[in-house]
Amino acid sequence: MAINTNKRVAVKWIRDKAKSAYEKESQCCICGTTHELELHHLHSINGLLESWSKKLNIDITSDSAVLAIRDRFIEEHHAEIYELVYTLCNKHHVQLHGIYGKSPLPSSVPKQKRWIELQQLKHSNPSLVDKPNYSSHFSQFLGELSGTKKI
Ligand SMILES: [Zn+2]
Ligand SMILES: [Zn+2]
């Protein structure tokens, strides 16, 4: 196989294999839509492959090199590839990557989780969005100012 100068193409061999084994959920974990579902990895496969290959001094510069280490890589990153994943609709997936970048850094993993949880909360309880906490404090404050009692 030819030398591959584009790492994004090499990482595709791992994505394809991982995808074929992973069952997506039937709905977006945030809004519940069943359309245009995509799989989000908290740890970008690209980033995992880069740091792993660097650490162990493994060649990933060609398709054949990536194919040679593919099974081992997937085995050693089972949790990151199969468990630390979320099924999202295209809209929420794009939104998440808009915030955390195309290949989110490992340090952003807890933030990504919190973001997803917050969106879930907002979706299941829209009143949290319409009436943020400060507004009730503010009207209470106004009530006190004008001397009216809040019921
Ligand atoms: Zn969604
Ligand atoms: Zn993603």
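Every read-out reported here was derived from the displayed coordinates using simple, explicitly stated rules and does not represent laboratory data. Nothing here was measured: the structure is a model prediction, and the numbers come from that model. Note that we place each Cβ from the backbone using ideal geometry, even for glycine, and neighbour counts take in every protein chain shown.
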> How big is the C-alpha Rg of the stretch 7-146 next to the rule-of-thumb value 2.2 N^0.38 Å, as a ratio?
Replying inline: 1.40
> In whole Å, what is the distance between the alpha-carbon centres of the stretch 110-125 and the stretch 21-79?
Replying inline: 23
> How far is it, in nm, from the label point at LYS102 to the one at GLU117 when both lie 7 Å from their Cα along the line to the Cβ?
Replying inline: 3.0
